[in-house]
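Worksheet: the structure to be examined is printed underneath.
Any read-out appearing in this document is the output of simple, stated calculations on the displayed coordinates, not a laboratory observation. Small disclaimer: the values here were computed from a predicted structure and weren't measured. When we count neighbours, we look across all protein chains shown, and the Cβ atoms used for this are built from the backbone with ideal geometry, even at glycine.
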Amino acid sequence: MALFNKVMVANRGEIAVRIIRACKELGLPTVTVFTEQDANAIHITKADQAILVSPGPVAGYLDFAQIIDVAKWAGADAIHPGYGFCAENWQFAQACADAGITFIGPPPEAMRQMGDKVLARKLLEEAGVPTVPGSPVIEDEEQAKTWAAKIGFPMLIKAKGGGGGRGMRRVNDEAELLNSLEGARREARRNFGDEAVYLEKLILEPKHIEIQILGDRFGNIIHLGERDCSIQRRHQKIIEIAPSLVLTPEKRHEMGELAKNAARLLNYHSVGTMEFLVDQDLNYYFLEMNTRIQVEHPITELITGIDLLAEQIKSAAGERLTIKQEDVRFNGYAIECRINAEDPRNNFFPSPGRITRYQSPGGIGIRLDGCVFGGYEVPPYFDPLLAKLCAWGNTWEEVLNRMDRALEEYIIRGIKTTIPFYRRVLKDEDFRAGRFTTNFLAEKMPSLTYLDVREPWDLFYVAGATLFCQLNQIAKK
Ligand code: MV4
């Protein structure tokens with residue numbers, strides 16, 4: 001018997017294509033949605049059926065009542081939300097259940113709990129997962145001093161309403177703390193409409209490492225190791241690697257088992273990710289949990305050989321997980337570069353527009369999850385991700401060289417992309433040596449974007465122009 005009659009793919013771009021591919025391999029028909037301004041998008045041509053939703057360009061993708069309506073109309077009995085849009089909205093998951101449609105994702109209650117970041121930390125702490133030592137909301141100076149003595153300096157004043165890196169302030173001693181408290185409150189009120197702030201120990205030079213978990217509806221849960229997502233620009237991940245270059249097998253096991261325990265206590269199933277800050281001594285602290293398939297899931301697929309989308313869909317349909325923890329083997333290294341329509345020479349300014357020439361890389365060890373083609377006009381309304389270029393290699397050295405080779409092959413003209421920027425990151429000595437933390441890009445940015453971040457054909461134009469001038473001079477003589 002088929003897993004589902006038809007799957008509604010409630011997303012666009014590369015992840016919609018990824019989901020449709022998984023459905024095809026499982027023999028499942030698909031229906032997707034699109035908005036008026038997105039009528040040339042590739043996912044429309046890949047799905048068996050596509051339905052116009054409104055209003056465009058974006059709101060139609062967020063209107064979950066409408067999406068459930070058209071899913072029912074099309075005869076879909078399951079909905080995959082992808083990432084972004086409705087993916088982490090527990091009300092959407094609940095509404096699917098209420099409409100008799102299977103939400104391909106975790107239980108709505110676990111989504112609700114993990115969506116509240118303060119509650120999530122409390123629940124994971126209770127489950128035995130370490131979190132960053134911190135205080136409750138600070139009411140007065142006396143309380144600030146008491147907690148500061150317990151936590152130790154340096155520390156961060158964090159806004160309760162903040163997140164995504166906003167509303168954090170470093171203080172190095174008690175005097176600075178008492179001086180900054182009022183300003184931090186004012187800033188928090190202005191930015192988040194809530195003046196509540198709390199204290200947290202500052203983790204110095206941390207790595208951002210996340211554990212992938214996978215579970216079925218019968219309480220079977222496994223972990224698939226970690227991804228190092230420390231290479232971020234303004235809290236946007238741009239390069240991810242698996243496995244981490246610093247984690248030992250013992251640490252991996254320890255963090256994986258803790259993540260599985262916590263997931264069990266949450267009655268979790270489907271795919272999920274627990275994010276940690278990891279310091280130089282490999283102490284780890286839970287940050288938050290993502291209750292969706294993530295952008296960077298392919299690198300885990302490359303090192304484990306496990307099809308996360310297929311497993312997620314089978315698990316949603318009520319199939320038992322057939323992979324045991326001891327069957328999970330980590331093989332080699334994988335790296336992902338997010339190819340964005342952004343201009344690295346102009347502060348990563350968005351660069352939508354028509355792609356005039358497109359030639360994708362390939363060959364041994366290369367995987368491309370993309371959504372663009374020659375002649376396609378990249379719309380300005382959505383996130384700038386054009387493609388995820390992934391490489392696999394037996395060793396770190398091999399995967400770096402392979403990625404650089406693939407980036408060199410990748411031709412996208414007509415718009416600016418982050419391809420040349422990644423080639424510079426890959427040449428960086430510290431990056432190649434694994435010496436990078438969440439501060440890497442902020443520290444390296446001046447040298448990474450200095451002068452000659454340019455496409456090879458820019459040099460060709462310069463050479464061509466020089467030759468033309470010389471020929472002109474000769475002709476004049
Ligand atoms: C921290 C931290 C160091 N110490 N908390 C930024 C986003 C938010 N989710 C948590 N963030 C951080 N919290 C303590 N106590 C450093 C960061 C941080 C960071 C975390 C993950 C990935 C990239 C980051 C970049 C800068 C700062």
Spacing of the two label points (7 Å from each Cα toward its C-beta) at residue 408 and residue 140, in nm: 6.8
Estimated FRET transfer efficiency (residue 248, residue 445; beta-carbon r; R0 45 Å; 0.05): 0.90
Spacing of the two label points (7 Å from each Cα toward its C-beta) at residue 281 and residue 25, in nm: 4.3
Out-of-range pairs (alpha-carbon distance over 31 Å; input 24/207; 260/314; 251/324; 314/427; 72/416): 24/207; 314/427; 72/416
Gain upon complete extension [residue 36, residue 398; 0.36 nm per residue less C-alpha separation]: 125.9 nm
Efficiency of FRET from Cβ geometry, residue 117 and residue 190, R₀ 22 Å, rounded to 0.05: 0.60
DSSP beta bridge pairing in the chain, given as percent antiparallel to the nearest 5: 80
MRE, 222 nm, helices only [DSSP H, n ≥ 4, -39500 (n - 2.57), over the chain, to nearest 500]: -11500 deg cm²/dmol
Pairwise centroid distance, computed over Cα atoms, of segment 216-282 with segment 1-53, Å: 29
Gain in span if fully extended, residue 73 to residue 346, counting 0.36 nm per residue against the direct Cα distance: 93.7 nm
Cross-link partners of residue 150 among aspartates and glutamates (Cα-Cα below 17 Å; sequence separation of 8 or more within a chain): 139, 140, 141, 142, 173, 174, 176, 200
Summed residue charge, Cβ within 13 Å of residue 398's Cβ, Lys/Arg positive, Asp/Glu negative: +1
Residues of segment 381-403 with amide N under 17 Å of a point placed 7 Å along Cα→Cβ from residue 427: 400-403
More than 19 Å apart - percent of Cα-Cα pairs taken over segment 56-177: 62
Residue 325-residue 176 pseudo-label distance in nm [points 7 Å out on the Cα-to-Cβ vector]: 4.1
Radius 11 Å from Cβ of residue 330, net charge of other residues (Lys, Arg +1; Asp, Glu -1): +1
Cβ-based net charge around residue 55, under 14 Å, with every Lys or Arg adding one and every Asp or Glu removing one: -3
36 Å tail of the calculated P(r), the chain, as % of Cα pairs: 35
Stokes-Einstein diffusion coefficient of segment 280-426, Kirkwood radius over Cα pairs, 10 °C, 1.306 mPa s, in µm²/s: 92
Packing rank of 90-98, 262-270, 173-181, where each peptide gets the mean count of other beta carbons within 10 Å, highest leading: 262-270, 90-98, 173-181
